[in-house]
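As C-alpha cells, the structure follows; a few thoughts come after it.
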Amino acid sequence: MWLLKKSVYKVFCGGETEDELLATMQKLQSRGVKIVLDYAVEASPDDVTSLNANVFDNNACSIWNAVVTAAAGYDALVALKVSALGPVSTIERAGEVIAAVERLFAELCGMPAFRSHERILPDLLMRKELTKAAFVSSIQKLIAEANLPQASEEDINLAFHALLAQPGGGEDKSKVSYFQWTHLLQPHKVGRGNLSVFKQLIPPLSDADAKEVAAAEGRLSKLCEMTANLGTKAGLLVDAEHSRLQGFIRNLTCNVQKRFNKDGKFLIYNTYQAYLKETKSQLRSDLEMARRFGFRIAVKLVRGAYLSFERKSAKEHGYPCPVLDSLEDTHESFDSSVHHLLDHIDRVAVFIGTHNAESVRKATALLSEFCQRSNDVARSEEASGCLSVTASFPAANKRQLLTPASLPVSFGQLLGLSDDLTFMLSSSGFKVYKYVPYGPVNVTIPYLLRRVQENSGIMGRAGAELVMLFQEIKHRLRSLIRAKK
C-alpha cells in the first residue's frame with residue numbers, strides 16, 4: 001500500500017488528507033494552474049443499492065468541506081455528482097417523467113407522436129407555443145382517447161393559467177411556451193396540486209420518489225446558497241453521468257442556475273457530453289432558456305464518459321444508442337459546440353474539458369481571434385467616443401485590452417494526464433484547471449479505473465495502456481486487503 005501511494009497514487013491523486021491535498025493545490029497554483037477538487041466517490045451506473053438520507057446528507061457535507069478548502073485562498077471549483085445527493089433509481093424515474101412532460105408538450109403542439117424511449121430534440125420544441133383553446137381541446141381529446149375519467153374544464157383552465165404565469169414566455173403573453181411548460185412541470189410536482197390534471201396523461205412519481213427528488217434539490221440548493229454566501233471565487237461543477245440519469249441532472253442543475261447564476265456570476269456549471277446525439281440541440285435550447293430567464297449559463301463541455309455503458313444499455317433495453325456513431329462525429333460535435341458557445345461568450349461561461357491537442361489548438365485560436373477583433377473595435381470606438389460592447393468584460397476599458405484570461409473561458413485536464421497541454425495553456429495566458437481526485441487509496445484507485453475505462457476510447461492507445469495499468473493496480477490492491485483480513 002505504501003509503494004502504491006508513493007507511485008501511481010501520487011501521480012494521479014491529490015492526497016488522502018487535507019494537508020496532502022493543500023500541498024498539491026499549492027504546487028499547481030505556483031505554475032498558474034487552478035484546481036477542480038473531485039472527491040473520489042460516486043454511484044456506479046449499475047448500482048441499485050438503496051441508500052438512506054443520512055448517506056446523501058453526509059455526501060453533501062463532504063462536498064461542502066471541499067468548497068471550504070477551495071475557498072481558502074484558491075480560485076477553485078468543486079466537482080460533484082447528483083447521484084451522490086439522491087438515489088440512482090429515483091433519479092432515473094424522475095428523468096422518465098421529464099421526458100414524458102416534453103413528449104406531451106410536443107403532442108399538444110401537433111408534432112408527431114414519439115415512442116416512450118425517444119427524446120425530442122429540444123431545439124425543435126423551444127419555438128413552439130400553446131394557445132388556451134388548443135391546450136383545453138387537446139387535453140380533453142387525449143384523455144378521451146385513453147378512455148380515462150375526463151378532467152373538468154375548470155381544472156384544465158386552472159392548469160393553463162398556472163403555466164401562463166411562469167417566467168420564460170415569448171412575445172405573445174396569451175400563449176404558453178416550452179420553457180414555461182418545463183419550468184412548472186417539475187417531476188415531483190406533476191400530478192399534484194393544481195397540476196393534478198396531468199396525472200391522467202403523465203404517470204406521476206410515487207410519494208416516496210417525489211420526496212427524494214425534493215430532498216436532492218434541497219441539498220444542491222443549500223450547497224449553492226452556502227457557496228454564494230462565502231463571497232469567494234469558489235464554484236460548483238456538476239459532472240455528467242450516464243444518459244438515463246442525465247435528464248434529471250440537467251433539469252436540477254438548470255433550476256439552481258436560474259437562481260444563482262445571476263448578476264454576472266457563474267456559481268454552478270452543468271456538464272454537456274459532445275458524444276450524445278442531442279447535445280448540440282440541448283445547448284441551443286439552454287442558451288435560449290438562459291436568455292429568457294435572465295441568468296448566465298455555465299457550461300462544462302467534454303467529449304463523453306460512459307461510452308461502453310451507453311452502448312450496452314441501449315442494446316439490452318432495445319432503444320437506439322444515444323451516442324454518435326463515430327469518434328469523428330464526436331470530434332466534430334465537440335469542436336462545433338465550442339465554436340457556438342464562444343459566439344455567445346457575452347452571456348456564457350465555458351469550461352473546455354479535453355486532452356485533445358487539436359481541440360485545444362482550435363479553441364485557443366478562436367479565443368485569440370475574438371480578443372483581437374474586440375480590441376480592434378474597442379480602439380476604433382474609443383477614438384470616435386463610442387462605448388464598446390466589450391465593456392461588459394472586466395478588461396475591456398480604456399487602460400487594459402481584452403485577453404483570453406479576462407474572459408469566462410477555461411480549460412481542464414485530469415491530474416497526471418496531458419501535463420504538456422496544461423502547462424502550455426498556463427504559460428500562454430489561458431485559464432486552465434487540473435481535475436484533482438482525492439480520498440483514500442482503496443476508494444480512489446477503483447474510481448480512477450472507471451474514469452480511464454470510460455475515456456479509453458477517446459484517449460486511444462494511451463487510454464488502453466492506462467486501463468491495463470489501473471486494472472493491475474486494482475487487482476493488487478484487492479489482494480492486499482484480503483491478506484490483511
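FYI, it's all coordinate maths here, none of it is from the lab. Since the structure is predicted, the reported quantities are computational estimates derived from the model, not experimental observations. Glycine also receives a Cβ, built like all others from the backbone with ideal geometry; neighbour counts cover every protein chain displayed.
A few comments on the model shown:
- Available extension along the chain between K222 and M424 is 69.0 nm, counting 0.36 nm per residue and deducting the alpha carbon span.
- Using only the C-alpha atoms, the convex hull of region 95-200 corresponds to 98 Å³ per residue.
- DSSP bridge orientation in region 247-390 - percent antiparallel, rounded to nearest 5: 10
- Viscosity 1.306 mPa s, 10 °C: Kirkwood-radius Stokes-Einstein D of region 148-301 over Cα pairs, µm²/s: 93
- Under 11 Å, Cβ to Cβ, from P167 - net charge with Lys/Arg +1 and Asp/Glu -1: +2
- Close amide H contacts of I268 (hydrogens built in the peptide plane, cut-off under 5 Å, sequence separation of 5 or more or a different chain): L236.
- Non-local Lys pairs in region 109-228, i.e. 8 or more apart or on different chains, that have alpha carbons under 27 Å apart: 23
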